[in-house]
1. When Cβ neighbours within 10 Å are restricted to other protein chains, what is their mean count per residue of peptide C:311-319?
2. Can you check what the Kirkwood hydrodynamic radius comes to for the range B:85-172, Cα pairs only, in Å to one decimal?
3. For residue C:128 and residue C:214, calculate 0.36 nm times their separation in residues minus their Cα-Cα distance, and state this gained length in nm to one decimal.
4. Sort A:138, A:29 so that the residue with the fewest other Cβ atoms within 10 Å of its own Cβ comes first and the one with the most comes last.
5. Just round it to a whole percent: the fraction of Cα-Cα distances in the range A:173-227 exceeding 16 Å.
6. Would you mind checking which residues have amide H under 5 Å from residue C:41's amide H? H placed 1.01 Å from N; only 5 or more apart, or other chain.
7. Cα convex hull of the range C:186-266: mean projected area in nm², to one decimal?
8. Convert 10 °C to kelvin, take the viscosity as 1.306 mPa s, use the Kirkwood radius over C-alpha pairs of the range A:54-200 as Rh, and evaluate the Stokes-Einstein diffusion coefficient in µm²/s, rounded to a whole number.
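Bear in mind that the values in this text are calculations on the coordinates, not laboratory data. These numbers come from a predicted model, not from an experiment. When we count neighbours, we look across all protein chains shown, and the Cβ atoms used for this are built from the backbone with ideal geometry, even at glycine.
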Amino acid sequence: MSRKVITTDEGAPSADAGPLLEVTDLKTHFRTDKGRVRAVDGVTFTLGRGKTLGVVGESGSGKTILSRSIMGLLPRHNVIREGSVRYDGREISDYSEDQMRAIWGSEMAMVFQDPMTSLNPVLKIGRQITESLRQHLHMDKDEATETAIALLSSVGIPEPSVRIDEFPHQLSGGMRQRVTIAIALACGPKLLFADEPTTALDVTVQAQILNLLQKQQRERHMAMILVTHDLGVVAGRTDEIAVMYGGQVVEKAPTPVLFAKMKMPYTEALMNSIPKLESPSHTRLEVIAGRPPDLVNPPKGCKFAPRCRYAQPKCFEHEPPLVQGEDEGHYFRCWFPVGTPEGQFALKRNDEIRAKQTAASAAGGGA
Amino acid sequence: MRFVRKKLVNLLIVLLSVTMLSFLMINLLPGDTADVICGPSCDEAAREQLREDLGLNKAIPVRYVEWLGGAITGDLGRSGRTQQPVMEAIRERLPVTLQLLVYSQVLALMLAIPAGIMAARRPGGWFDKTSTGTVFVLLGIPQFVMAPLLIYFFAVRWQIFPAIYKEPGGFFELLKNLFLPAVSLAAAEMAVYLRLLRGDMIATLQEDYIMMAKAKGLSNSRILLRHAFRPSTFSLVTIVGLNMGRLIGGSLIVEVIFAIPGLGRYAVEGIFGRDYLAVQGAVVVIAVGYVLINFAVDMLYAVLDPRIRHARAVI
Amino acid sequence: MPVPSSDPQADESSAAAASATAAALLVAETLADEDVVKKKLGFGFYISAGWVVLISLTALLAPFLPLQKYDKTNLVPQRLDPFQKYYVAHDYDPESDLDSTKSFEYVNECQDHLEDRGGFAEGLRYCSNQVAVLGADSLGRDILSRVVWGARVSLIVGLGAVTLGMLLGGSIGIIAGYFRGRTETALMGIMDILLAFPALLLALAIVTFADNHSIPVVVAAIGLVGIPPVARLIRANTLVYSQREFVLAARTLGASNKRVIVREVLPNVALPGVSFAVIGIAIAIVAEGGLAFLGLSVDPPTPTWGGMINDGRNFLEDAPHITFVPAAVMVITVLALNFAGDRLRSLFDVKEGAL
């Protein structure tokens, strides 16, 4: 209902013009006993219609909070949310929960990480799909059931007319994730958030689910934000990638550019931590030493500096701004970017210092 | 099926033990039925004769088997005081106790469910804090304080409800006459249910599937009632069931205060009157009722939670 | 979490050393989590504890307090309201009451009484006014003194029954939870069967069986009834602890069962047990009240709160205070114990959560 109103109203001119989602300087802080947790600290990006953005980062980087914050799914109290979220030409960051409710499910939808816990255990699968159809599209019972069966079959669930009368626990993890995807797609959203959609699944099923998401996204010309900790997941499936660290976007680029010319040492470290097909088996994967930054008292300077191979004294003092690289749409935060003379210099200097230290400690040990 | 059979065997063992214990307990009491029938003026020879006649001189195991045989066929002996068959008395009195029990549970749940949901909606909010305080006070008020308090206000001062149970003429009169006793029982139960439901609701509302339901754009009331309520009721249902079992024998103080001719009062009167067979009969019915209700709750639990239902079907 | 037995420092074959290392690790972990240490008992706890201490002290010192005799009837006019004045006829020698079981609601009644005795006109005797702070019951006994003396019964029974229940039920629970297997099945089976009998009815039967209504009998009745629930609770706690690393370590290092139970399991189970015991006292006080209410606690004239509540039931219309004064004291005491126990429990829970 609300969708129709919008398309006739202000929606008509903006329907095809302009980006679908514009996030500007979005901040999401939590008030806790220990202080303010800056889970998302000034994130800016735009997402075009039908495009796919990959948001990559370790756990604790703020990527899950970012997607929930954009969607407005966070609890209201003890959460400070600042900045602008423009969806389809409308500023939704100050929408009330009632206003958001018209958008949730019908315009924006979300696929959660763990299909074992994101389906209601006591409601039949059919009911969990039809309830949003009936709520948003005002279908009657039979129509909703038919649509649900069609949806289940489109996400690759065999015997959908039997499955709708089953409970979630009767399905495997992969099947359940297909069901949650069907639920998310039910009302034809224009923007889909997929929050680590394959992390909880068996490796064998992961690719199937990702392919399903990609296929649906293309067929429906739906924009998607794919949140993951795994650069490998987003590699072939996204138009653009944003790498998050400590609540900030530290590097953002069109996917091919990012993989070819990554500038941020953190992105490089993430890259080295995924196994590659071409490397021989039992190759030792690199791990990123240290822990994600304290989001209550973030370190001065670059937040990644304490764990960075390239870090120089300057990095601990001054926070690098988000600057544009040579390619269009490539932004990063680093004083000594990977693959530049500055970066080479920094790496070399650190190696020398380390060598000296080793020598010194060896000498000290000998004496 | 194996699961059910195992449960049934277990039930049988428990039932046997419970009846044996009821039987033993009463036989350990000083004096016996012969004393009661005979009265204080009885001489030793006549008493001995009576014992012989009543079969009280046989060995305890023999008497247990005989008694159990009688109990199964509905013969619990005759009351020493009134000469009324115990089974008949229990059949008269059990329905009143059951009415009181169901009534009190319905009242308790009618208050506890909406209040529990309201409190869980905003943990730490004003409603939650007020209900937490109320619950805490209610839990500290014993039945024998709650009942006089209710009588004082509702019967003595305002004269809305009767202070003494009267045989009701119809359903509404029954509701009226049993109101104060039912509230006396329900108050503390309500408090327990409210806390239980609130806790489980708060836990459920943290679940991913609630976030998922919210992301679907469902209304708050639909999320609370359709998505969060049912998964939060498992322990509530269990406790309500168990309380029903416990209350069969736990309403005796209230029955005494309001002069309700129920099973609990029958047992108390039996104890005061040294009416051994009456006490024995009441105790065994109460205990067996408790065991059977426990069993039923166990089974019902499996029906309620589809996860358990299917897991057990597989076994 | 590191297993202590693989720690070289714990390599001595002493179970105590192993557990000490484990405990040190646990303490270190606990302290690392800043949230944990801050938890406090709070203001409410001290108020509750204060009330319990006050009641206990007055009960303990009852014989030395300036109270009326709790069992003397008509010392105060019958059903006198709290704080109301009343009159007693006196000789000029204040130590010798003219008639120690006669009191009057109005001063002229008192004077008439003295007149009849022929003493008032001569000025040899007089009527002194007095105040019964909490009023008098239907037999003209001072409620304040009865509440204080009644507290003795309630507290002795509460403490005694909980001690008995904790000792027996606790032992059963620890044995069942530690040894598991058949011992556990048998012990807990018996407990479950005992639970089928309504507690109050069981206690009633025990008191009737004993055929005398002394404090030890009431303590035994309530204490015995408390065994099954205590056993269940302690067993559950024991199960948790006997699977913990430090207990497993002690067991694998060959410490005797007795030693492991006494030195490793017991101290850990006892701590949450204390908070349960505090709440248990409240439960026992209510149970004693129930027995007394039915007339099956300590025999009169010894006052009990439950008995006093029952005494007043017939006078709710004219003199509700006869019932509600002892009821209020009992409820406040029960609430205070519940609150204190609850705070203690949440204090111990935090430590458990950190492990």
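1. On the way: counts 0, 2, 7, 0, 0, 9, 5, 1, 0.
The mean count of partner-chain Cβ atoms within 10 Å per residue comes to 3.
2. Working: mean 1/r = 0.0621 Å⁻¹.
Across the range B:85-172, the inverse of the average 1/r is 16.1 Å.
3. Numbers: separation 86, 0.36 × 86 = 30.96 nm, distance 3.83 nm.
Extra length available between residue C:128 and residue C:214 comes to 27.1 nm.
4. Working: A:138 10, A:29 21.
Least to most surrounded, the residues fall as A:138, A:29.
5. Values: 504 of 1485 pairs.
Beyond 16 Å sits 34 percent of the P(r) for the range A:173-227.
6. For residue C:41, whose amide H was placed from the backbone, there are no distant partners under 5 Å.
7. On the way: hull surface 26.9 nm².
Result: 6.7 nm².
8. Numbers: Rh = 16.3 Å.
Estimated via Stokes-Einstein, D reaches 98 µm²/s.
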